[in-house]
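Shown next, in structure tokens, is the structure this report addresses.
The values are calculated or read from the model by the stated rules, or taken from the named source; none is laboratory data. This is a predicted model, so every value here is computed, not measured. Cβ placement follows ideal geometry from the backbone for every residue including glycine, while neighbour counts extend to all protein chains displayed.
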Amino acid sequence: PKAKSKRKKASPTPSSSPTVTPEETPSPSPAETPPPSATPSHGMHPTPEKRAWPNVSLSPDEIAGYETYPPKVRQIVDAGLQLTKQNLGYSYGSADPKNGGMDCSGFLYYVLQQNGFSDVPRDSSQQYVWVRKAGNFNAALSRHEDSFEFDALKPGDLLFWRGTYNIDRDPPVTHTMIYLGREKRTKKRVMIGASDGRTYNGKQIFGVSVFDF
């Protein structure tokens, strides 16, 4: 697998001791547009910066072992996969699919809010803090998806990155997604979220989609 950023992962249910796995600065290409720390000002709807076409979606039966996932994890995965079918672009500042696009932390915020996590913060840095305060933390420095450092990674876990762009933020978390598990067809790990340039099967996607791990 190609080099990728160091991830942090966490269980989607903070009450059940989530685990977080950080990842270090990713390779410079593709860069991520910075996620906002708040809802766009002036009450204006953000305009998608890049259209996502075509996005990639999977059905649950295309994910290995989906039927064994805990009910809450299946619920969150299903909600995320539904968004991938709407051809949503990457839209900085958006946490609402009605805007035609979403950013990375907006995707996570929307999916978790819609599934009972009313206290989830809006920006990726504070989402990371939210997870850290709720449970365990495991660091993963490897850039290889089959590293032992990812052995504890479970479907529905939250993934966090630092260094996808330069920002003066503490903690310096700049990107987030949800881990889906392994795709049956390829046996490769996949994740879901919003991006303006990450890949699926080596092809860049700009929007809400399934992505390579």
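Is at least one residue of the range 53-66 free of Cβ contacts under 8 Å to residues at least 24 places away in the same chain and either touching a Pro at 6+ places or on another chain (Cβ under 9 Å) or within 18 Å of LEU159 (Cα to Cα) (or both)? No. For the range 113-141, residues that are under 17 Å from the mean Cα position of the chain (by Cα) and in a helix (DSSP H, G or I) total 10.
Going by the structure shown, is PRO121 over 25 Å from ASN55 (Cα atoms), modelled with pLDDT of 90 or more and of a type outside the set (S, T, N, Q)?
In short, yes.
Summed over the range 74-89, the residues that are outside any loop (DSSP other than H, G, I, E, B), closer than 11 Å to VAL56 by Cα and of a type outside the set (S, T, N, Q) give a count of 2.
The condition of being in a loop (DSSP other than H, G, I, E, B), modelled with pLDDT under 95 and on the phi < 0 side of the Ramachandran plot holds for only one of HIS144, HIS175, that being HIS144. The set of residues from the range 108-123 being buried (at least 21 other Cβ atoms within 10 Å of the Cβ) and closer than 15 Å to ASP157 by Cβ comprises LEU108, VAL111, LEU112, VAL120. The set of residues from the range 70-95 being β-branched (Val, Ile, Thr) and either more than 13 Å from ASN115 (Cβ to Cβ) or without any contact (Cβ under 8 Å) to a residue 60 or more places away in the chain (or both) comprises just one member, THR84. Name the residue that is nearest to the chain's Cα centre (by Cα), counting only residues in the range 85-112 that are among the hydroxyl-bearing types (Ser, Thr, Tyr) and farther than 17 Å from PHE160 by Cα. Selected residue: TYR90. Of everything listed in (1) farther than 20 Å from ARG74 by Cβ; (2) modelled with pLDDT of 90 or more, the single unmet condition for ASN166 is (2).
Residue-by-condition table, conditions (1) of a type in the set (D, E, K, R); (2) surrounded by fewer than 19 Cβ atoms within 10 Å (Cβ to Cβ); (3) modelled with pLDDT under 50:
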position: GLU49; (1), (2), (3): yes, yes, no
position: TRP53; (1), (2), (3): no, yes, no
position: LEU58; (1), (2), (3): no, no, no
position: GLY65; (1), (2), (3): no, yes, no
position: THR68; (1), (2), (3): no, yes, no
position: PRO71; (1), (2), (3): no, yes, no
position: ARG74; (1), (2), (3): yes, yes, no
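Comparison of PHE137, PHE206, PHE211 shows that the only residue that is modelled with pLDDT under 85 and among the hydrophobic types (A, V, I, L, M, F, W, C) is PHE137.
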